[in-house]
Amino acid sequence: MLEELGLEVELYRFTVERYEAMAQAGLLPERGVELVDGLLVDMSAEGDRHAETRRRLLETLSDQRRGRYHVYPGLSVRLGSRDMVDPDGTLVRWAEAGVSIAVAASDVALVVEIADTSLDYDLGIKREKYATAAIPEYWIVDLRADRVHIFARPDGSAYGIARVATRDETIAPLEFPDIAVVLSDVFSARG
Amino acid sequence: MALALHLLTVERYERIAETGLLPVRGIELIDGLVVEMSPKGVRHAEAASQLNKVLVLQSNERYRVYCDSLSLPLGPRSEPEPDIALVRETRSFARERVTVADVALIIEVADSSLAFDLGTKVRNYAGAGIPEYWVIDVKTNTAHLFWNPAADDYRGGRIAAAGDTIAPREYPDVSVPLARVFGRET
């Protein structure tokens, strides 16, 4: 995908270390930028329905956590030497001290992206990145079709399990199967 | 959705560089993107070196020649490092930074970067009002000359062949024999 930018030149690619140092020095916007393949990428602006769906999903996950995990609405997750992304929601296994600046992929139980205009990106390059980094489970909440793409069991650069849940279903993370995410409660009414 | 790359301003780019988080050499900011300058081959180095020598020898204290050593802010989102910049000898160099207004001519030597130098770079240099711009193509031994900048292109332009002798428009007495630049002198 990044090869399709159509530029006649090579772009300089940052390492995660330099990216983090830039963020700490206040040289990057606080929110809305990710590092993908070493390039600084602007995340799309969050619309009202995106924000509302995200709030509902993260609240229901948070309500049922019972000390087993943390729910982060905006956490930088390091995926490799040149990738550091900010998923819409991240379930991190419970740790005494919480996390510092960026969490490692191995601490993550589930990553959630809410997709409005970004569905192709989330289904494409993001899925490959999360699988490659061995993020155990990845949900894409598709706001255009009111359904959730569920990917689990990373294997190489793909996921072994892939299915789509519709808005009348109740779903749970593989790692915490007792949790009930009632999708009809998550998808807010269309404005 | 097309991936939206984050665009840096010149100000931020310079601050990142000052913090030591960018390579000291080999990059430039073009249209908000940090671009890797293509590796310079032998012919590139030879052509740049010959141009430098020819121009310096005829300067008569009228201009300075910056070779690979000038980062020139062109506007809010571009700061290229031209292969060669002819800067008028009219300012107090020790104190002030070179600005676009001081530049008489910019030269890029192209081997693999020709499309970029003839496209994006033309738009950037013309847009900033750089009065004259040469692209020395060491693959085909031709020189693309541009002058009279308009909004994002040059109104004047021609292609000079390997046997031609060219001159900067601001210093018409300075002669640049391209055969020498291309190393084809007999």
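The values are calculated or read from the model by the stated rules, or taken from the named source; none is laboratory data. None of these values were measured; they are calculated from a predicted model. Positions of Cβ are generated from backbone atoms using ideal geometry, with glycine treated the same way; all protein chains shown enter the neighbour counts. Heads up: the accessible areas ignore ligands, DNA and RNA and are worked out on the full protein's heavy atoms, side chains in. Shrake-Rupley method; radii C 1.70, N 1.55, O 1.52, S 1.80 Å.
Quick notes on this structure:
- Residues that are of a type in the set (D, E, K, R) and assigned to a strand (DSSP E or B), drawn from the stretch B:91-115: B:Glu108
- Of all the listed residues (B:Glu18, B:Glu61, B:Glu14), the sole one being surrounded by 14 or more Cβ atoms within 10 Å (Cβ to Cβ) and more than 30 Å from A:Arg144 (Cβ to Cβ) is B:Glu14.
- Residue within the stretch B:168-180 that is surrounded by 19 or more Cβ atoms within 10 Å (Cβ to Cβ) and closer than 22 Å to B:Asp31 by Cβ present: no
- Checking the stated criteria, B:Glu18 turns out to be within 14 Å of chain A (Cβ to nearest Cβ) and more than 20 Å from B:Ile130 (Cβ to Cβ).
- The stretch A:141-183, subset open to solvent by 20 Å² or more (accessible area, probe 1.4 Å) and touching an Asp or Glu at 6+ places or on another chain (Cβ under 6 Å), residue farthest from A:Arg65 (Cα to Cα): A:Ser157
- Pairs, first under 16 Å from A:Phe14 (Cβ atoms) in the stretch B:27-45, second of a type in the set (Asp, Glu) and in a loop (DSSP other than H, G, I, E, B), C-beta under 6 Å, six or more apart: B:Glu28/B:Glu81; B:Glu36/A:Glu10
- Scan of the stretch B:89-119 for residues that are open to solvent by 20 Å² or more (accessible area, probe 1.4 Å) and within 14 Å of chain A (Cβ to nearest Cβ), ordered by number: B:Asp111, B:Ser112, B:Leu114, B:Ala115, B:Leu118, B:Gly119
- Hits in the stretch B:95-143 - residues which are within 12 Å of the chain's Cα centre (by Cα) and among the basic types (Lys, Arg): B:Lys121
- A:Leu35 being free of Cβ contacts under 8 Å to residues at least 12 places away in the same chain and either in contact with a Phe, Trp or Tyr (Cβ under 7 Å, 6 or more places away or on another chain) or over 21 Å from A:Lys126 (Cβ atoms) (or both): no
- Here B:Gly127 fulfils each of the conditions (1) open to solvent by less than 40 Å² (accessible area, probe 1.4 Å); (2) touching a residue at least 40 places away in the same chain (Cβ under 8 Å); (3) of a type outside the set (A, V, I, L, M) apart from (1).
- From the list B:Leu70, B:Leu29, the one residue that fits, being closer than 29 Å to B:Gly183 by Cβ and more than 9 Å from every other protein chain (Cβ to nearest Cβ), is B:Leu70.
One line per residue, one yes/no per condition, for (1) β-branched (Val, Ile, Thr); (2) outside any helix (DSSP H, G or I):
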residue	(1), (2)
B:Asp117	no, no
B:Arg123	no, no
B:Ala126	no, no
B:Ile130	yes, yes
B:Val135	yes, yes
B:Thr140	yes, yes
B:Ala143	no, yes
B:Arg158	no, yes
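- For first residues located in the stretch A:5-25 and facing chain B (nearest Cβ under 7 Å), partners that are open to solvent by 50 Å² or more (accessible area, probe 1.4 Å) and lie 6+ apart or on another chain with Cβ distances below 7 Å form the pairs A:Glu8/B:Ala115; A:Val9/B:Glu36; A:Glu10/B:Glu36; A:Leu11/B:Glu36; A:Tyr12/B:Glu36; A:Ala25/B:Thr19.
- Hey, B:Asn148 open to solvent by 30 Å² or more (accessible area, probe 1.4 Å) and part of a strand (DSSP E or B) or not: yes
- Look at (1) in contact with a Gly (Cβ under 6 Å, 6 or more places away or on another chain); (2) hydrophobic (A, V, I, L, M, F, W, C); (3) open to solvent by 50 Å² or more (accessible area, probe 1.4 Å) and you find that A:Phe14 fails only one, number (3).
- Scanning the stretch B:32-54 for residues that are surrounded by fewer than 16 Cβ atoms within 10 Å (Cβ to Cβ) and facing chain A (nearest Cβ under 8 Å) yields a count of 1.
- Of residues in the stretch A:101-140 being assigned to a loop (DSSP other than H, G, I, E, B) and at pLDDT 95 or above, the one least open to solvent (accessible area, probe 1.4 Å): A:Ile135
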